[in-house]
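Participant: Dumping the structure here so I can ask a few things about it.
Here, each number is a calculation from the coordinates, and none is a lab measurement. Just so you know, these numbers come straight off a predicted model, no measurement behind them. With ideal geometry, Cβ positions are generated from the backbone for all residues, glycine too; neighbour counts draw on all protein chains shown.
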Amino acid sequence: MDEFIKFLDKNLDYVSHEIIDNICYITVASNREEVICPFCDQPSTKTHSTYERTFQDLPIQGKKVITVLNNRKMFCNNPECKHTTFAERFDFLSNKSKKTSRLEDEIVRVSLNCSSTAASEILKKNVVNVGKSTVCSLLKKRKTYY
Ligand SMILES: [Zn+2]
């Protein structure tokens, strides 16, 4: 399982997983020793707190995947920096997103050749629970790429 998580991000470690009905819940943790402050680019090793963040990812073995991450909030030690704390960020997840970029790519790929209603039905079957309106907004967001 750790290998699957490393495909997503090498800075994450697999902790545990649980399969409930058709969904696999995977708990992961960051393995970064220091985190770079996004505001001043200085590294920090001091954790302020953690908060639970969940996001949907590509399915494994036909099971929908929800990943649970104890996201760290760090102190910024740089006295010049305007921010005293910041949240650890990951490349595969845009700031407020609940879906990984590779899952968004898959939703867009499925949706390109059918209606958003049909795409939502196809995706709900074995990829991800996603509504018609989410399909539409993702397509709009990515429109410039196609
Ligand atoms: Zn900073």
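Participant: Can you give me the angle between helix 132-142 and the longest principal axis of the chain, using Cα atoms only, in degrees from 0 to 90, rounded to the nearest 10?
Facilitator: Helix 132-142 sits roughly 60 degrees off the main axis of the chain.
Participant: A further question follows. For the chain, what is the percent of antiparallel DSSP beta bridges, rounded to the nearest 5? Please report the intermediate quantities before stating the final value.
Facilitator: Working: 24 of 31 bridges.
That works out to approximately 75 percent antiparallel.
Participant: Counting pairs of alpha carbon atoms under 8 Å apart in space and at least six apart in sequence, what relative contact order in percent does the chain give?
Facilitator: Working: 243 pairs, mean separation 25.9, N = 146.
With pairs under 8 Å counted, the relative contact order is 18 percent.
Participant: In straight Cα distance, which lysines are under 19 Å from LYS132, not counting same-chain residues fewer than 8 positions off?
Facilitator: By straight Cα distance, LYS132 reaches LYS64, LYS98, LYS99, LYS124, LYS140, LYS141, LYS143.
Participant: Provide the net charge surrounding TYR51, with neighbours chosen by a C-beta distance below 9 Å and charges set as Lys +1, Arg +1, Asp -1, Glu -1. Write out the running numbers ahead of the final one.
Facilitator: Values: positive: ARG53, ARG72, LYS73; negative: GLU52.
Around TYR51, the charge tally is +2.
Participant: Using a Gaussian network model on the chain with a 10 Å cutoff between Cα atoms, which of SER30, SER97, SER133 fluctuates the most?
Facilitator: Of SER30, SER97, SER133, the most mobile in the Gaussian network model is SER133.
Participant: Now for a separate question. Between helix 101-111 and the chain, what is the angle of the helix's C-alpha long axis to the longest principal axis, kept within 0 to 90° and rounded to the nearest 10?
Facilitator: 20
Participant: Another one. Across region 34-41, in residue order, what do the Karplus-derived ³J(HN,Hα) couplings come to in whole Hz, using 6.51 cos²θ - 1.76 cosθ + 1.60 with θ = phi - 60° and x for Gly and Pro?
Facilitator: With the stated coefficients, region 34-41 comes to 10, 10, 7, 5, x, 8, 10, 6 Hz.
Participant: Now a separate question. Note the per residue figure in Å³ for the convex hull of the C-alpha positions in the chain. Intermediate results must be reported in sequence, preceding the final value.
Facilitator: Numbers: hull volume 18.3 nm³, N = 146.
Enclosed volume per residue, from the Cα hull, is 126 Å³.
Participant: As I understand it, the value is the acute angle between the Cα axis of helix 116-126 and the longest principal axis of the Cα atoms of the chain; what does it come to in degrees, rounded to 10?
Facilitator: 70
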